[in-house]
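The values are calculated or read from the model by the stated rules, or taken from the named source; none is laboratory data. Here the structure is a predicted model, which is why all the values come from computation and not from measurement. So basically every Cβ, Gly included, is an ideal-geometry build from the backbone, and we count neighbours across all protein chains shown. Side chains are part of the model used for accessible areas, which takes the heavy atoms of the whole protein and leaves out ligands, DNA and RNA. Shrake-Rupley method; radii C 1.70, N 1.55, O 1.52, S 1.80 Å.
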Amino acid sequence: MTKSNDMSRRTFLSRGAVAGGAVVLAGAAGSALAGCSSDSTSSSTTAASGSKPGVGTGTPVQGGSLTVGNMADIDGFYPPNNHFDTNGYNIALTIYDTLCGVAADGSTQPNLCESITPNSTFDGWTMKLRSGIKFNDGSDLTAAVIVANYQALNASLLTGQALTQIASVTATDSMTVQYKLTAPNPGFPNGLTTQVGMVFGQAMIDAVKGGNARPTPVGTGPFIFESWQPNDHFTATRNPSYWRKGLPYLDKITFKPIPDTVQREATLKTGGVDMLVSTDPLTIKRFSDKPDYQVVDTLTGVIGEPSVAFIMLNTVVPPTDDIRIRQALAKGLDQATVQKIFGAGYGEPLDGIFLPDSPYYKKTSYPTFDPAGAKKLVAQYKAEHGTPKLELITITDPRLAQVVQIIQQMWNQVGFEVTISQIQQANLVSNFVSGKFQAATSYQFGNVTPDLNYVWWSTTTAKPVGQIALNFARNVDPIIEENMLTARHTADTATRTKAYQTVNEQLAKDLPYLWLQQYLFSAVAVSRVQNFANPTLPSGAPAYAFNEGIFSSTAIWLSK
Amino acid sequence: MPDDRELLDTGASAQLLGDRFPGMAAMDEHVVAMQSEKLDSDDVLLKRPFGFLFWFALVWIAIVFLAAIFANLLPLQNPNFQNYSALSQGPSSAHLLGTDDLGRDLLARLIFGARVSLIVGFFGVGIGLIVGGTAGLISGYKGGRLDVALNAGSFIILAFPAIVAVIAIVTFWGQSLVHITIILGVATIPLMFRVIRASSLSFAQRDFVVAAKTMGATDTRIVLREIFPNVIPVTVTFSLITVAGIIVIEGTLAFLGLSVNLPTPSWGNLINEGTANNALSTDPYIMLWPAMSMFLLLWSINLIGDRLRQRFDIREGLL
Amino acid sequence: MSKYLVRRVLQLIVVSFVISVLAFLLVHLLPGDPSTIILGPNNTAANRATLLEQLGLNDPLWQQYLTWLGAVFHGNLGTSYLNHESVTHILATGAPVDLELIIISQTIAFSVAVPLALLVSRRPNRPLDNVATTSTFGMLALPPFVVAPILVAIFAVGLGWFPATGYVPFTQNPATNIHDMILPSVAITAGSIAVYFRLLRSDLISTLQQDFITMARSKGLSGRRIMWRHAFRPSSFSLLAAAGINIGALIAGTFVVELLFAIPGIGYSLVLAVNQRDYLVVQGIALVVAIAYVTIQFIIDFIFTIVDPRVVRE
């Protein structure tokens, strides 16, 4: 019964909202980031026909209506006024297209735009739009609209920060947009694959200016908004003039938010939904061996960094401000046990933010499970300051409740006195922001490039307790800062790789985060739902199939 | 055909009650009617012995209380110790009731959990009795402005969405056994107030009270000597049902993460843990033990209440 | 009569006012504010200050309250800070859902409790009574969050008779609407059945012991007639009064069922709003819920005055 507090509509600790910069070289296919891996711990199910789950077989069938069980509802459809989490993206991507998309090999490719090319210094980008694309209200997609989009996003309190590296956006002609950056950034287009790259119609901007906070969605996407009843359902119907010919196959798509995981699964079993998304590893376990269902998960195929579940430690309040305490906490934590119970056996022990098949992976000095070593450190601390007492906070989620109780016992066994508090999601986030916590559960950092995590690790975003800070752990590490910026500004793969490996090693030394395991997303669908994890880019190249729970509705069809 | 009920004239009380919240008054008035009636000495029920069920219930209650009080002395395993090689095991010789999803012994958790549930239930109602009951006792007797004000106050508390209040208070105050007990206790205050006030009110008009007043007895003496003893039966009955209610509500609070701190067991959060994460399908016994214990306890308490009332000529009260 | 009405309306106003103040204070005194949720990763001191200013949350509390109250008198309950839905709309779509839940569940509760009580009260402590009492206690001991998954496992996933989650508006399809609401309604009914049964049984038993019943019997009236006309009617008062309190507790207490069955009711909206510090939504819902509660009490009291001639209306 995982209530969706992790992925509640307003969880900004999720993907893509901060598109400060990117690392992927436009057009440098297959370079920086690995594509799919063949990790042996994958749990892929074979559908009855023996095909790969999520990959359609046979001829696509036109028509039909798909219902998807989401974990939570979206909050609105105007990109400048919302933060899309996984649920938000799944819904929003039915009605909007992003300017760029991520390919299966990890590179960023044009999507809605036709091309985007840098100048020689990577601080100016020229974007050409495809001609003849219309929004679903009949208006044309022109450069002027892109500029207006940028202005709206930039002016918004909610999204402006993501665009600070853009100095100006101008329309040089009706189909060409010129971006000027404040500093070189070879990976700039990657930001355009996220929320701030979603293109919305002028009519929405005008409506909001006129005081309507809930303008009717106007997009270029495969589906057209039909209706939205908050906490009940969202429905969109096929866009007959979608600019990608022949797509989409579905006539209609509906999302239903069902917060309780077990209930969501029950709804799938009873046919109330055809497909669901989940963040509970037990979902994978429960459906893996059922031939009538296809299971796609993030155990394999992760591009960039996966979302990871971790315990966040506040590095500026006692006792966690003492490095020995953080080391003791790390050494006292047995990842294997946590994975066994929380992860249902899925996932590998983590020593950092990269999985072994990532090009940035290098073994770090992250402490291994060593209770004896932990006890020694605690004893040292105790001699000076007395028994270290710790409050471990989490949200009211039954899976996380298991995790914190396991961890409490482990830490108590090495000499800590740990109490557990369950609080509401909003309070937890508030505590993170203001720094009023010692240890807390969290999950984050799932992004196609580590650069998008800059804001969480930067020295510039660490503020004292009581002030707003996005570097929640308040880990001020100049080496991390320096290397994150180096990686952002360089076009050289080797330099970038080294920089990120250094960052990863620093995180293992500073220990603001105690890694638990990969935070797994899964999508389960009945057999007739074809091709929900096999999207293509307009060029025909395969796209990133299952981006931390985000799937593409464009290429889905329902077999008879 | 005339309503023969009118033979029993409790008109005076109806008058007094009718001017304040008539609906509630009708319920209160029922309490009045119950207590005003003559006892039927020929009632066959009176003469029945307690019976097997009564003793069974008494024994169960005693077991639960004693086990809860002396839990530390019993040869139980540590209720919070997680044994990762014994997850979700059914009953066995090592664990008489099995283990839960974190490998903790269910028997130990059940018995230690009884502590929390009983404390929350009985002390919670205790708070309601002391504050709400006393207020109701006095208010029912004295009447007047005080009564109208207190009545309105209890009405307001009942009309406020409880869940908002609980979330807010737990957020301010934090989770702990004491806090939860107090919160739930305070929630019962308006209920206790209403019921005891009604009872007190009914006795306030009785002849013997009027007589005492005429003879010059002070209000205090009247309340303590005349009214209070008569109010006890209804109070006891209603309190027991409320204890039941609170113990169950604690479970819902656990579901919302608003109950006592993990990993403290209580029957409510044992049931919650036994229901969560699809455990009902995979390991239903985890939920079964606390649910059955709770059920048996509620049933026992009420059975005892029933039988005592019958035996000692106390008319079946409102509840 | 009119004096009575005036008094009740005054009572409604006073109670609603006090509750609105309480709800306002409670939710504003909670730590944090909507800015954390709204701004997300854009949370800087400057942005937060601007946002709070825009939302009018920098004004002194009493001013905010009066502004809100003024708007309420103009029929404007405000909008959600998060998804900009108007509070009125939230209530308009959510209230019928909860109303239906309550109506169906109370119908089930009464349909089970009343006949059962009538049946067993003539022979207390006999086997049938023991079975009935025991099973109703069993239901009391199972809170909704336990009953719901059990019902779903058996009747939805197992037998396929009902859906596991979801809601279809009545206006869209009445039959499906009621059909889909059955499991959620049953889930919250359990407690009510037990309380009503116990109340009515206990009342009936004592009523049946009274002199006038003996008199009726000696007059030769049939058992059924005695039961219904003479015993049940007077015994129903406490039942009605308890129903009043119970229904009041159910209003906005349906959160658990709404969460589990993914039903868009106001209980869920209310809790979500409290957690997200969506002040206007909390205040609006609390106010309307309080008014609904007082009105229901009013209606029940009115029924009393009709049913029981001894209750004097002033």
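Annotations
- B:PHE155 vs. criteria of a type in the set (Phe, Trp, Tyr) and surrounded by 20 or more Cβ atoms within 10 Å (Cβ to Cβ): yes
Yes/no matrix, rows are residues, columns are (1) closer than 27 Å to B:GLY174 by Cβ; (2) at pLDDT below 90:
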position	(1), (2)
C:MET1	no, yes
C:ARG8	no, yes
C:GLN11	no, yes
C:VAL14	no, yes
C:VAL21	yes, no
C:ASP33	yes, yes
C:THR36	yes, yes
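- Region B:268-296, residues that are within 9 Å of another protein chain (Cβ to nearest Cβ) and aromatic (Phe, Trp, Tyr): B:PHE295
- Selection within region A:170-217 - open to solvent by 50 Å² or more (accessible area, probe 1.4 Å) and assigned to a helix (DSSP H, G or I): A:GLN202, A:ASP206, A:LYS209
- C:LEU51 being buried (at least 19 other Cβ atoms within 10 Å of the Cβ) and not basic (Lys, Arg): yes
- Filter result for A:LYS256 (in contact (Cβ under 8 Å) with a residue 24 or more places away in the chain and closer than 11 Å to C:THR165 by Cα): yes
- Counted residues, region B:260-295 - those being surrounded by fewer than 20 Cβ atoms within 10 Å (Cβ to Cβ), touching a residue at least 40 places away in the same chain (Cβ under 8 Å) and within 18 Å of B:PRO91 (Cβ to Cβ): 2
- The one condition from (1) part of a helix (DSSP H, G or I); (2) at the interface with another protein chain (Cβ under 7 Å from one of its Cβ atoms) that B:GLN175 does not meet is (1).
- Within region B:70-118, the set of residues being of a type in the set (Gly, Ala, Ser) and more than 31 Å from the chain's Cα centre (by Cα) comprises B:SER85, B:ALA86, B:SER88, B:GLY90, B:SER92, B:SER93, B:ALA94, B:GLY103.
- The residues of region A:131-155 that are in a loop (DSSP other than H, G, I, E, B), surrounded by 15 or more Cβ atoms within 10 Å (Cβ to Cβ) and in contact with a Phe, Trp or Tyr (Cβ under 9 Å, 6 or more places away or on another chain), listed by number, are A:ILE133, A:PHE135, A:ASN136, A:LEU141.
- Hits in region C:134-151 - residues which are assigned to a helix (DSSP H, G or I), free of Cβ contacts under 8 Å to residues at least 40 places away in the same chain and within 9 Å of another protein chain (Cβ to nearest Cβ): C:THR134, C:GLY138, C:VAL146, C:ILE150
- Of all the listed residues (B:ILE130, B:ILE163), the sole one being open to solvent by 60 Å² or more (accessible area, probe 1.4 Å), under 22 Å from the mean Cα position of the chain (by Cα) and under 30 Å from B:SER259 (Cβ atoms) is B:ILE130.
- Top-ranked residue of region B:181-193 - restricted to ones that are touching a helix residue (DSSP H, G or I) at 6+ places or on another chain (Cβ under 6 Å) and not aromatic (Phe, Trp, Tyr), ranked as modelled with the highest pLDDT: B:THR181
- Residue match in region B:191-202 (condition: open to solvent by 50 Å² or more (accessible area, probe 1.4 Å), in contact (Cβ under 8 Å) with a residue 12 or more places away in the chain and either in a helix (DSSP H, G or I) or touching a Gly at 6+ places or on another chain (Cβ under 9 Å) (or both)): no
- Annotation: A:THR159 fulfils all but one of (1) open to solvent by less than 10 Å² (accessible area, probe 1.4 Å); (2) among the β-branched types (Val, Ile, Thr); (3) modelled with pLDDT of 90 or more; the unmet one is (3).
- Of the residues in region C:50-58, none is within 14 Å of chain A (Cβ to nearest Cβ), assigned to a helix (DSSP H, G or I) and under 20 Å from B:VAL170 (Cβ atoms).
- Residue match in region B:235-248 (condition: closer than 30 Å to A:GLU391 by Cβ, touching a residue at least 60 places away in the same chain (Cβ under 8 Å) and in contact with a Leu (Cβ under 7 Å, 6 or more places away or on another chain)): yes
- Test result for C:ASP203, at pLDDT below 70, within 9 Å of another protein chain (Cβ to nearest Cβ) and in contact with a helix residue (DSSP H, G or I) (Cβ under 8 Å, 6 or more places away or on another chain): no
- Of the listed requirements (1) open to solvent by 30 Å² or more (accessible area, probe 1.4 Å); (2) under 30 Å from B:HIS95 (Cα atoms), B:GLY251 misses just one: (1).
- For the criterion of being more than 22 Å from A:TRP228 (Cβ to Cβ), part of a helix (DSSP H, G or I), over 25 Å from the mean Cα position of the chain (by Cα) and away from chain A (no Cβ under 14 Å), C:GLY70 passes.
- Within region A:261-299, the set of residues being in a strand (DSSP E or B) and either open to solvent by 10 Å² or more (accessible area, probe 1.4 Å) or among the acidic types (Asp, Glu) (or both) comprises A:TYR293, A:VAL296, A:ASP297.
- Boolean, B:VAL234 is over 22 Å from the mean Cα position of the chain (by Cα), on the phi < 0 side of the Ramachandran plot, more than 14 Å from chain A (Cβ to nearest Cβ) and assigned to a helix (DSSP H, G or I): no
- Of residues in region A:234-253 being under 14 Å from A:VAL68 (Cα atoms) and crowded, with 20+ Cβ neighbours inside 10 Å, the one nearest to the other protein chains (Cβ to nearest Cβ): A:PHE234
- Matching residues, region C:78-118, being over 19 Å from the mean Cα position of the chain (by Cα), buried (at least 24 other Cβ atoms within 10 Å of the Cβ) and under 23 Å from C:THR189 (Cα atoms): C:ALA117
- Flag if A:VAL448 is buried (at least 23 other Cβ atoms within 10 Å of the Cβ), touching a Gly at 6+ places or on another chain (Cβ under 9 Å) and more than 10 Å from chain B (Cβ to nearest Cβ): yes
Matching residues to (1) of a type outside the set (Val, Ile, Thr); (2) open to solvent by 30 Å² or more (accessible area, probe 1.4 Å); (3) within 13 Å of another protein chain (Cβ to nearest Cβ):
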{"position": "B:VAL64", "(1), (2), (3)": "no, no, no"}
{"position": "B:ASN72", "(1), (2), (3)": "yes, yes, no"}
{"position": "B:PRO79", "(1), (2), (3)": "yes, no, yes"}
{"position": "B:SER93", "(1), (2), (3)": "yes, yes, no"}
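- Matching residues, region A:377-407, being free of Cβ contacts under 8 Å to residues at least 40 places away in the same chain, assigned to a helix (DSSP H, G or I) and either more than 14 Å from every other protein chain (Cβ to nearest Cβ) or out of contact with any Ser or Thr (no Cβ under 9 Å at 6 or more places or on another chain) (or both): A:ALA379, A:LYS382, A:ALA383, A:GLU384, A:GLN405
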